[in-house]
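Working notes, beginning with the structure itself.
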Amino acid sequence: MQVGLRTVLVFGGNGFLGLEFVRQAIDSKVAVTVVHRGTNYWGADRVLSSPAVRTVLCDRDSLSSCRGLRAGKQVYDWVVDFSARKGDDVDQAIRALLRDRSAKAYMLISSEAVYAPVLAFKRVGLTEDAYVRPASMNPLQRLIAGSDEYISNKIAQEAALLEYNGSICVSAVRLPYVLGPRDTSYRLAALLLLLEAGEASLSPASHVPISFVDVSSVASALLHLMRLTAGGSSPPGC
């Protein structure tokens, strides 16, 4: 581990991707504070019982009044948010952290779903710059963005995040479909059962504009990005 990354605050580190991130952070000798609602997914308590982990039970809907986000004068090198469900969740979290001056950088785990309004016009060669902010969307893009709750919530989360650009280092990581152990979406299990029952078929990969990534690879990549910043090499926007 590079010198510099010492403390991380994790929102939602008790299930699937968040829990794998916490597990790898512990292995990397990083002190972790985990904020979650109290659900024990897939034996999360076995990971969170590590001496390197401090657990804070809070609901995202009342995060502004949550006590325990900060331990003494501790300042987190990074905050990573796996559990935001709407834009207000991100807004509350960052305002609370800025109020206490307790974090240097904030990473939102977003989704490639934010590109849905763009895909109505262009289906190949998408880049990060293809993302369209809500204020710049044309009527059709607004209709597409509002037609799916998951898409509209992810777009709202990123919009809330960008409001604080300049006040704190902010990053949004747009993930494709994530697969691996402790998958709380049961996505892979459902697919395998459908295949076994003969009720699903796999199309050639070249015909399906979709991608998958392993949960352990994502957690490893997130830690790598954090080490770069904590070590003094800042990513764009920081």
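The values are calculated or read from the model by the stated rules, or taken from the named source; none is laboratory data. Every value quoted in this text rests on a predicted model; they were computed, and no experiment measured them. Here the Cβ is made from the backbone with ideal geometry for all residues, glycine too, and neighbour counts use every protein chain on show.
Does residue 150 fit the bill of being surrounded by fewer than 14 Cβ atoms within 10 Å (Cβ to Cβ), closer than 21 Å to residue 213 by Cα and free of Cβ contacts under 8 Å to residues at least 60 places away in the same chain? Spell out the reasoning first.
Values: surrounded by fewer than 14 Cβ atoms within 10 Å (Cβ to Cβ): yes; closer than 21 Å to residue 213 by Cα: yes; free of Cβ contacts under 8 Å to residues at least 60 places away in the same chain: yes.
Yes; evaluated as a whole, the condition is true for this residue.
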Q.
Tell me yes or no: at least one residue of the stretch 130-141 is at pLDDT below 80, β-branched (Val, Ile, Thr) and surrounded by fewer than 17 Cβ atoms within 10 Å (Cβ to Cβ).
A. no
(Q) Quick check on my filter: what residues within the stretch 163-174 are of a type outside the set (D, E, K, R), surrounded by fewer than 17 Cβ atoms within 10 Å (Cβ to Cβ) and not in a loop (DSSP other than H, G, I, E, B)? (A) 165, 173
Q: Return the pairs, sorted by first residue and then second, in which the second residue is in a loop (DSSP other than H, G, I, E, B) and among the acidic types (Asp, Glu), the first residue lies in the stretch 64-78 and is over 14 Å from residue 106 (Cβ atoms), the beta carbons are less than 9 Å apart, and the residues are 6+ apart or on different chains.
A: 66/59
Q.
Considering only residues that are modelled with pLDDT of 80 or more and surrounded by fewer than 12 Cβ atoms within 10 Å (Cβ to Cβ), which ones fall in the stretch 213-233?
A. 224
